[in-house]
Every structure is written in C-alpha cells, then in structure tokens.
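A quick write-up on the structure given underneath.
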Amino acid sequence: MTDAPADLRTVSWGDLDAPNTALLVHGLTGRADAFRALAEELEAEGLAGWRFLAVDLRGRGVTGRVDGTAGIPAHTADLVELMDREGLDRVAFAGHSLGAMIGVHLA
C-alpha cells in the first residue's frame, strides 16, 4: 500500500502535442533538469513527433517534500498517476539509476 500520489513537477521539451512521449526519470539524488542537455540535443537533432517529459520524483527538485513513503512502489504509483493526468497510455521510458529501477517496477 502506498500513500496518495504526489503532485509531480514536470519539465517538457520537444513537440508538446507529439504522438510519442519519452518519460525521463532521474536517479536518487537527481531532478528533472538532469535531462535538459540530453533533451535539448535530441530536440536539436530534429526528432519530430516526440515529447520529452521529465519529472521531479517525490522529495526531489521542485516537487519537494511529500509526507509518507518514498520507495519504489510510491514512485511507481506517482508515475502512473502522472501518466493518467497527462492522458498517456504508452511511453518510451528512460531512467537513470533509481529511475531505471522504478521503470522496471512500472513495466
């Protein structure tokens, strides 16, 4: 059982109305902006049809402190809630360190 999902802060790059979304999830001590250089480089390469959506996990970055649990199940529930909020049925997932472990749990 996890606590209520956190209201995750997100950063987007690329085509905001694109049919494809890459969900970018940082590691334990990271934040959404950790993906800025990667997303801007991919955007500059002209990857049309893609939106890059990075999150600040609960307790990190602008999302900040969230009461309750902050383990992998809670982070996964937060991402499911985010995907529902954004109307995303499918995403390409890219995670770094803890973000990759969350991706395994999400899958």
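Computed extension gain for Glu41 through Ser97, at 0.36 nm per residue and net of the alpha carbon distance, reaches 18.1 nm.
Between the entries (i) 36, 34, 26; (ii) 41, 26, 22; (iii) 44, 30, 23, the label attached to Cα extents along the principal axes in Å calculated for this structure is (ii).
Could you work out [θ]222 nm for the chain from helices alone, using -39500 (n - 2.57) per DSSP H run of at least four and dividing by all its residues? Round to the nearest 500 deg cm²/dmol.
The helix-only estimate for the chain comes to -9500 deg cm²/dmol at 222 nm.
Straightening the chain between Arg9 and Asp84 buys 25.5 nm, computed as 0.36 nm per residue apart minus the Cα-Cα spacing. With all protein chains in place and a 1.4 Å probe, the accessible surface of the chain carries 52 percent carbon and sulfur. Within the shell defined by Cβ-Cβ distances under 14 Å, the residues around Ala48 carry a net charge of -3, with Lys and Arg each +1 and Asp and Glu each -1.
Do me a favour and compute the ellipsoid semi-axes for the stretch 18-72 from its Cα gyration tensor, root of five times each eigenvalue, largest one first, whole Å. Numbers along the way, then the final one.
Numbers: eigenvalues 135, 27, 12 Å².
Calculated on Cα positions only, the semi-axes equal 26, 12, 8 Å.
Available extension along the chain between Leu16 and Val62 is 14.5 nm, counting 0.36 nm per residue and deducting the alpha carbon span. Measuring between their Cα centroids, the stretch 5-33 and the stretch 71-107 lie 10 Å from each other.
The values are calculated or read from the model by the stated rules, or taken from the named source; none is laboratory data. Only a predicted model underlies this, so the values are computations on that prediction, with no experimental measurement involved. Ideal geometry is used to build each Cβ from the backbone, glycine not excepted, and the neighbour counts take in all protein chains shown. With ligands, DNA and RNA removed, areas are computed over all heavy atoms of the protein, side chains included. Shrake-Rupley method; radii C 1.70, N 1.55, O 1.52, S 1.80 Å.
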